[in-house]
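**Q** Sharing a structure here in structure tokens format.
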Amino acid sequence: MSTTFETGDLVRCTLQGCSCEGTYITTRDGMATVKLTSGYNIGVPEESLTKTGSSEMAEPQEVEIIQDTTLPKISIVSTGGTIASKIDYRTGAVTSQFRATDILNAIPGLASLAQFSAVQLCNILSENMTPAIWQQLARAIYDEIRSGAQGILVTHGTDTMAYSAAAMSFMIKTPVPVVFVGSQRSADRPSSDNVMNGMCAVKTALSDLGEVVVVMHGTTSDDVCAIHRGTRVRKMHTSRRDAFQTIGDGVIGSVTYPSLDVSLASHAVKRGNGEPELKDQLEEKCAIIWYYPGMDPALLSAWSGYKGIVLAGTGLGHCGTDMIARIREMSAAGTLFVMTSQCLHGRICDRVYDTGRDLLGAGVIEGEDMLPEVALVKLMWVLGNSSSLSEARLMMAQNLAGEITRRSSV
Amino acid sequence: MTLDYQKLGLIAGIEIHQQLNTKEKLFCRCPTTIREAEESKGEFFRYLRATKSEMGELDRAAEEEMMQVRQFRYLTYDTTCLVENDEEPPAPLNEEALDIVLTIAKVCGMTPVPEIHTMRKLVIDGSNTSGFQRTALVAMNGTLPGGAGIETVCLEEEAAQRIEDTIFSLDRLGIPLIEITTSPCMHTPEAVQETAAQIGMILRSTGKVKRGLGTIRQDINISIREGARVEIKGVQELDLIAEVVRREVCRQVSLLEIREELKKRGASVEKTLVDVTSLFTDSKSRVLKSAPKILAIRLNKFAGLVGREIQPGRRLGSEMSDYAKKCGVGGLFHTDELPAYGVTEDEVTNLKKALDATPDDCVIIVADKPQRCQCAMQQIIRRAEMAFEGVPKETRKMLEGGSTAYMRPLPGAARMYPETDVFQVRVTPERFASLEIPEMIDDTIARYMQEFGLAREVARQMAYSERRSAFEEAIHSGIKPALAERAFNSTLRELSREGAQVHRIKDEDILQVLILINSGEVAKEALSPILTALAEGKTPAEACERAAPKVSEEELTKIINRIVAERADFIKERGNAATGPVMGVVMKEVRGSVDGKIVNQILREAISQVLKNA
């Protein structure tokens, strides 16, 4: 930041051949950003500026949202993300910096659907999410359900939303919907998907559902949101609105827009009357290793001492024969190996080829049709919540939260 | 009405938007190709809503668009991508486009912006999938050779083409657009048109702008003393500009007269809405009879003024109607124009009675769904109150003929905020210095006249032609200017008028034919049929062969002898004067494949032989 000018200063900019008036915004690498009266920003050398006065930068006005207390209660747990973002002059980028209540301001239609209470857990870009924050998130959700919320809305950046949704699926047994929602196009733009995703997510949180889900655009059009199971969902595109897809199972429901009709598939877990259960222990010394042709087995040593490793193997669940000896050693030393596939679609079967059989012999567990990232999150949770390695192995092979399907439907 | 523009204090400026003919779009790698809607490969739809600017303000233009929630449908093509779909962040600013804009800035003696920042300008009429148009200020403060000031040039992305009401085609979205804004320095309608023509000439001089209807659009800013700044958007024909200015001045003058008249009469706007639905249950007006709700208001002492013409085809009532339409209603009725449209005299009498209206008052009614009626009435009241101020600041759109209709309020600076997904671009003094200034077309015309001896009109056509550089190349390679001009311009124009697809002819093919003509292998008389064949998709070799098969001197002599023999009587009768007509017959038979000189020589010999024998 410049010491000469402050954001909001009125300045005159004198360039060779012309001069113009504007408002000083910031300086980066010697270039000052000036907002001209026409609204355009230009970058000019700071030395071309002279201060002519100062102005108050208008503060965004807080609009008081009046809540209808006759409506069902929904809790919004905010972690940050694009659903509530704005432009930051400091970095020049779109950042998540709104508080949870700002979501109600950003999506005015929400107030007619429910009465909201908001918990701002953190305000991070989702690439900065950690297992430690998952634990805080699980406790916050648990508390909100205990205090009577009919449904939970978790706002989350889309990058790691699927990981967090999977984590909550294992950590909380919920009688009410826990709905993750975000947006792919920043909330500052008129075309943002935040309004539709937010409205559909709230309707899902009010629905007859009783599990952890992700609700995002189902197509590129503003016509329908898909409801994805937290343990089967994956971000499959960097930028499209319909980036989130259910892999290896059917979606568990949909919400039409703008009519907001929720329909649930038969395999959706329904709302219950019981109390929520929280099991928030995680073993963080777990990793995921993406095998590639020619991978040096010595690389595995970097993870020695880890309690669990998910292998994203090739095809049916393989990695090069050279890897097996090291896997056997580490397994014997107490590391739990789970095999998943880079194919994402389909089930692991290490009983077809020799390599697979050797991997099983070395102690690797078949990860069935679990998604690699889901298997990692599950491994953290299983190792944190089991009393022995053999119990952990058993749990990894069982379906706990919809992450494994018994049958591969066609 | 004849107007003294100087006395009225006319101030006008223009903004010219011209599409640039770059290889790729401004913020993605798609080609800048315009497509037919039938070629569309798919579609999707979206809703847009106004968002607050970084200052927390809602733009008033955007706010008005938001009165209706509209679903926009977009057509996609195999030449559009996720960027147009607003599903992928933009690519870096197209450097080719920036160079063109900087070149034009240099021609106008402007100061380039040291670091260019791309902005988002809120546009939520559906023409931009993102809800904003990306635009960057590139240079400031210049002067045209004619003396008019240029305030700014900007580089913007073109909006999507509206196919109908809420359906847009994405082929056009993202084509680079230069926006040139003059200072408000023009004081007559003619000056505005001349300045527009001059800017058009400069743009065309770069050879890097798109051509054809719709590729250039003029927005005109006009005000008169005591009037207000009005921006008229989308004037496509240069020749209409002066007329648009004249009509806008006329409108502002009339609105000011209405203001004075309203004050004199002590007029006022009654804000109480009256439900008059029941008065029209048996109306012959289908709109009124079938309307779920009809609301009315009384404008005290407005009689005659709502129906008064303010520019050809436009009344104060039309202005109110434009405002009302923002709420989705089809329009309004006012008692200045009733009875009409199926509304009877009795109905008007009852209506006036229901509103306690005197003959001095005007009653306005709107018929639609209740909510829309409410909204429309508020808009009508707003516009009626503006009549006391005179001329509202507005963005207007041009109608056929040069009158205009209200579009939206003038947008404020609040609708601009930074496009953070695009890096800033520094324009170094070295880069600006290295840009070559193209020859201005006006200079090209003079040079063609002087150096090549072309007539002014032909020189002008050639200078503005897309084939200008091929034409010059031909002359460089030794083709005579007159022949080159015919090949690249006059003959093509004639053939085009006859319906030939001359746009299909490649410059290099014409050049190849010219070289053949120059070497004497093809007669220049065959130019027209050869170009016709090229237009039909033939190669130069095929075209020459078909249009002008090679005839050896031996064959030629045989042909001439035969024709002369057939016409021996005619020749004997006419003597040497027969040469001309017979020559025509021969040339037709050899289809111009032989140089006229050679034909003439052999023919003269053959004729003199006949005459000798006679």
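**Q** Return one whole number: the accessible area per residue of chain A in Å², for a 1.4 Å probe.
**A** 41 Å²
**Q** Separate question: Once you average over the residues of B:82-95, how many Cβ atoms of partner chains fall within 10 Å of each Cβ?
**A** Shielding by partners across B:82-95 averages 3.
**Q** Place the peptides A:225-233, B:321-329 in order of packing, highest mean first, counting for every residue the other Cβ atoms within 10 Å and averaging per peptide.
**A** Most protected by this proxy first, the peptides run A:225-233, B:321-329.
**Q** Ok, one more. Under 16 Å between alpha carbons, and skipping anything fewer than 8 positions from B:LYS289 in its own chain: which lysines qualify?
**A** B:LYS369
**Q** Please report, as a whole percent, how much of the solvent-accessible surface of the range A:188-290 comes from carbon and sulfur atoms (probe radius 1.4 Å).
**A** The value for the range A:188-290 is 48 percent carbon and sulfur by accessible area.
**Q** Which pairs in the list B:LYS558/B:LYS597; B:LYS210/B:LYS480; B:LYS41/B:LYS121 are over 23 Å apart, alpha-carbon to alpha-carbon?
**A** B:LYS210/B:LYS480; B:LYS41/B:LYS121
**Q** Now, a different point. Cross-link candidates for B:LYS293: which aspartates and glutamates have Cα within less than 13 Å, leaving aside residues fewer than 8 places away along the same chain?
**A** B:ASP275, B:ASP368
**Q** For the pair A:ARG357/B:ILE598, report the inter-label distance in nm, with labels modelled 7 Å from Cα in the Cβ direction.
**A** My value for the distance between the label points is 8.8 nm.
**Q** Which lysines have a Cα lying under 17 Å from the Cα of B:LYS263, excluding residues fewer than 8 positions away in the same chain?
**A** B:LYS301
**Q** For B:ARG35, what is the net charge nearby, where nearby means another residue's Cβ is under 15 Å from its Cβ and Lys, Arg count +1, Asp, Glu -1?
**A** Spelling it out: positives minus negatives among the neighbours equals -3.
**Q** Another question, if that's okay. Based on the mean of other Cβ atoms within 10 Å per residue, sort peptides B:135-141, A:45-51, A:192-198 so the most packed one is first.
**A** Highest to lowest by the protection proxy: A:192-198, B:135-141, A:45-51.
**Q** Note down the magnitude of the dipole of chain A about its Cα centre, charges +1 on Lys and Arg C-beta and -1 on Asp and Glu C-beta and zero elsewhere, to the nearest 20 debye.
**A** It comes to approximately 820 debye.
**Q** Under a Cβ-Cβ limit of 4.7 Å, which cysteines in chain A have nobody to pair with?
**A** So far as the 4.7 Å Cβ criterion goes, A:CYS13, A:CYS18, A:CYS20, A:CYS122, A:CYS286, A:CYS319, A:CYS343, A:CYS349 stand without a partner in chain A.
**Q** Related question: Do any residues of the range A:141-188 show a loss of at least 30 square angstrom of accessible area between the isolated chain and the full protein assembly, using a 1.4 Å probe, and if so which?
**A** At a threshold of 30 Å² (probe 1.4 Å), the residues of the range A:141-188 that become less exposed are A:ARG185, A:ASP188.
**Q** Given the pairs B:LYS326/B:LYS397; B:LYS25/B:LYS208; A:LYS203/A:LYS279; A:LYS173/A:LYS235; B:LYS25/B:LYS506; A:LYS285/A:LYS378, which are separated by over 20 angstrom at their Cα positions?
**A** Distance filter (> 20 Å) returns A:LYS203/A:LYS279; A:LYS173/A:LYS235; B:LYS25/B:LYS506.
**Q** In addition: Using a 1.4 angstrom probe, figure out how much accessible area the range B:466-518 has per residue, in square angstrom, rounded to the nearest whole.
**A** That works out to 55 Å² per residue.
**Q** For chain B, what does -39500 (n - 2.57) per DSSP helix run (n ≥ 4), summed and divided by total residues, give at 222 nm, in deg cm²/dmol to the nearest 500?
**A** -11500 deg cm²/dmol
**Q** Could you report the buried accessible area between B and A, both sides summed, computed with a 1.4 Å probe and given in Å² to the nearest 100?
**A** 3900 Å²
**Q** Dipole size in debye (nearest 20) for the protein assembly as shown around its Cα centre, Lys and Arg Cβ +1, Asp and Glu Cβ -1?
**A** That gives a dipole near 1240 debye.
**Q** Here's something else I'd like to know. What is the sum of charges around B:GLN161, taking Lys and Arg as +1, Asp and Glu as -1, for the other residues whose C-beta is under 10 Å from the C-beta of B:GLN161?
**A** Result for the local shell: +1.
**Q** Under 16 Å from a point 7 Å along the Cα-to-Cβ line of A:SER409: which residues of the range A:221-262 have their amide N that close?
**A** A:227-233, A:246-254
**Q** What average number of partner chain Cβ atoms lie no more than 10 Å from the Cβ of the residues making up A:42-51?
**A** Neighbouring Cβ atoms belonging to other protein chains average 3 per residue here.
**Q** Could you check the spin-label model distance between B:SER183 and B:LYS506? Points 7 Å from the Cα along Cα→Cβ, value in nm.
**A** Simple spin-label model gives 4.9 nm for this pair.
**Q** Tell me the trypsin sites (Lys or Arg not before Pro) within the range A:347-391 that lie in a loop according to DSSP and have at most 12 other beta-carbon atoms within 10 Å.
**A** Hits after loop and neighbour filter: A:ARG351.
**Q** Could you tell me which of B:VAL564, A:SER38, B:ALA191 has its Cα farthest along the dipole of the protein assembly as shown towards the positive end, charges placed at Cβ (Lys, Arg +1; Asp, Glu -1), taken about the Cα centre?
**A** Final value for the positive-end residue is B:VAL564.
**Q** Still on this structure, please answer the following. State to the nearest 20 debye the size of the charge dipole of the range A:192-271 about its Cα centre, where the only charges are +1 on K and R beta carbons and -1 on D and E beta carbons.
**A** Roughly 280 debye for the range A:192-271.
**Q** Kindly provide log₁₀ I(q)/I(0) values, in the same order as q = 0.13, 0.19 Å⁻¹, from the Debye equation applied to equal alpha-carbon scatterers of the range B:160-290.
**A** Calculated log10 I(q)/I(0) at the listed q: -0.82, -1.09.
**Q** Also, I was wondering about something else. Among all cysteines in chain B, which have no other cysteine Cβ under 4.7 Å from their own Cβ?
**A** B:CYS28, B:CYS30, B:CYS81, B:CYS108, B:CYS154, B:CYS185, B:CYS250, B:CYS362, B:CYS373, B:CYS544
**Q** Rg and Dmax in Å for chain B, alpha carbons only: what are they?
**A** 32.5, 110
**Q** Picking from B:ALA533, B:ILE216, B:TYR406, whose Cα lies most toward the positive end of the charge dipole for chain B (charges on Cβ: Lys, Arg +1; Asp, Glu -1)?
**A** B:TYR406
**Q** Extension gain B:GLU95-B:LEU611, at 0.36 nm per residue separation less the Cα-Cα distance, in nm?
**A** Here the answer is 178.3 nm.
**Q** So what is the diffusion coefficient of the protein assembly as shown in µm² per second by Stokes-Einstein at 25 °C and 0.890 mPa s, using a Kirkwood Rh over Cα pairs?
**A** The Stokes-Einstein estimate is 71 µm²/s.
**Q** Within 10 Å of each Cβ in peptide B:381-394, how many partner chain Cβ atoms are there on average? Round it to a whole number, please.
**A** Going residue by residue through B:381-394 and averaging, the value is 0.
**Q** Of the listed peptides B:201-212, B:429-440, B:246-257, what is their order by residue-averaged count of other C-beta atoms within 10 Å, with the highest listed first?
**A** Averaged packing, sorted descending, gives the order B:246-257, B:201-212, B:429-440.
**Q** Among B:GLN236, B:PRO292, B:GLN252, pick out the residue whose Cα is farthest towards the positive end of the charge dipole of the range B:226-323, where Lys and Arg carry +1 and Asp and Glu carry -1 on C-beta, about the Cα centre.
**A** So the residue we want is B:PRO292.
The values are calculated or read from the model by the stated rules, or taken from the named source; none is laboratory data. Here the structure is a predicted model, which is why all the values come from computation and not from measurement. FYI the Cβ positions are ideal-geometry reconstructions off the backbone, even for glycines, and counts take in every protein chain you see. When the accessible area is computed, the model is the full protein with side chains, heavy atoms only, and any ligands, DNA or RNA have been set aside. Shrake-Rupley method; radii C 1.70, N 1.55, O 1.52, S 1.80 Å.
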